[in-house]
1. Is it the case that some residue within region 133-146 is surrounded by 15 or more Cβ atoms within 10 Å (Cβ to Cβ), assigned to a strand (DSSP E or B), touching a strand residue (DSSP E or B) at 6+ places or on another chain (Cβ under 7 Å) and not acidic (Asp, Glu)?
2. Just to check your reading of the model, which residue among Thr117, Thr41 is over 13 Å from the mean Cα position of the chain (by Cα) and of a type in the set (Ser, Thr, Tyr)?
3. I need the full set of residues from region 3-40 which are of a type in the set (S, T, N, Q), over 15 Å from Leu85 (Cα atoms) and part of a loop (DSSP other than H, G, I, E, B), in order please.
4. Surrounded by fewer than 13 Cβ atoms within 10 Å (Cβ to Cβ), closer than 17 Å to Asp25 by Cβ, modelled with pLDDT of 95 or more and not hydrophobic (A, V, I, L, M, F, W, C): which single residue out of Glu94, Glu127 fits that description?
5. What are the residues in region 24-74 that are open to solvent by less than 60 Å² (accessible area, probe 1.4 Å), polar (S, T, N, Q) and in contact with a helix residue (DSSP H, G or I) (Cβ under 8 Å, 6 or more places away or on another chain), if any?
6. Is there any pair linking a residue in region 91-105 that is under 16 Å from His76 (Cβ atoms) to one that is open to solvent by 30 Å² or more (accessible area, probe 1.4 Å) and hydrophobic (A, V, I, L, M, F, W, C), with Cβ under 7 Å and at least six apart or on different chains, and which?
Amino acid sequence: MLEIGTMAPDFTLQDQDGKNVSLSDFKGKKVVLYFYSKDNTAGCNKQACAYAENYPAFVQKDAVVIGVSKDTSASHRKFADKFNLPFILLADPETQVLQKYDVWAMKNMYGKQVMGTVRSSYLIDEEGKIVKAHAKVKPEQNALQMLADLDEPAE
């Protein structure tokens with residue numbers, strides 16, 4: 001995980017509509033940046049749906065929600081449509097941003113060591129600084145944790 005208090009690395013990736021989106025586009029807003037493994041898998045579905053269900057509360061707190069995985073923009077479009085996801089999904093098939101945010105790591109999968117995404121989330125303040133960071137988050141609880149983080153003063 002990246003250190004709390006450091007500047008969040010800027011990036012540009014394509015969203016579910018094929019448009020380029022940069023982190024710096026959201027300067028002046030709080031950003032909830034969450035990383036997940038794969039569209040249309042049990043845990044990721046729960047996590048995305050929890051963010052969707054709580055999305056009005058994020059908007060009310062003037063926060064942008066962005067999910068990132070190594071899936072393609074086309075996969076994200078289907079995922080967003082299937083679950084009616086109102087937030088941004090970014091495609092990182094080359095894992096460049098996953099690596100920048102230190103969430104691309106060796107994992108155990110069915111007894112084998114494989115590289116994969118560690119389900120993680122960051123809260124980035126209006127100036128682009130990381131104020132909260134969570135690794136190995138629980139899919140059902142992550143959205144509520146991030147909402148609570150938005151109410152806490154920065155560390």
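The values are calculated or read from the model by the stated rules, or taken from the named source; none is laboratory data. Here the structure is a predicted model, which means the values were calculated and not measured. Methodologically, a virtual Cβ is constructed for each residue, glycine included, from the backbone with ideal geometry; neighbour enumeration extends over all protein chains shown. When the accessible area is computed, the model is the full protein with side chains, heavy atoms only, and any ligands, DNA or RNA have been set aside. Shrake-Rupley method; radii C 1.70, N 1.55, O 1.52, S 1.80 Å.
1. Taking every residue of region 133-146 in turn, at least one turns out to be surrounded by 15 or more Cβ atoms within 10 Å (Cβ to Cβ), assigned to a strand (DSSP E or B), touching a strand residue (DSSP E or B) at 6+ places or on another chain (Cβ under 7 Å) and not acidic (Asp, Glu).
2. Within the list Thr117, Thr41, the selection yields Thr41.
3. Matches in region 3-40: Thr6, Ser37.
4. Values: Glu94 fails: closer than 17 Å to Asp25 by Cβ.
Selected residue: Glu127, the only one of Glu94, Glu127 that is surrounded by fewer than 13 Cβ atoms within 10 Å (Cβ to Cβ), closer than 17 Å to Asp25 by Cβ, modelled with pLDDT of 95 or more and not hydrophobic (A, V, I, L, M, F, W, C).
5. Result: Ser37, Asn45, Gln47, Asn54, Ser69.
6. Listed pairs, sorted by first residue: Thr95/Trp104; Leu98/Trp104.
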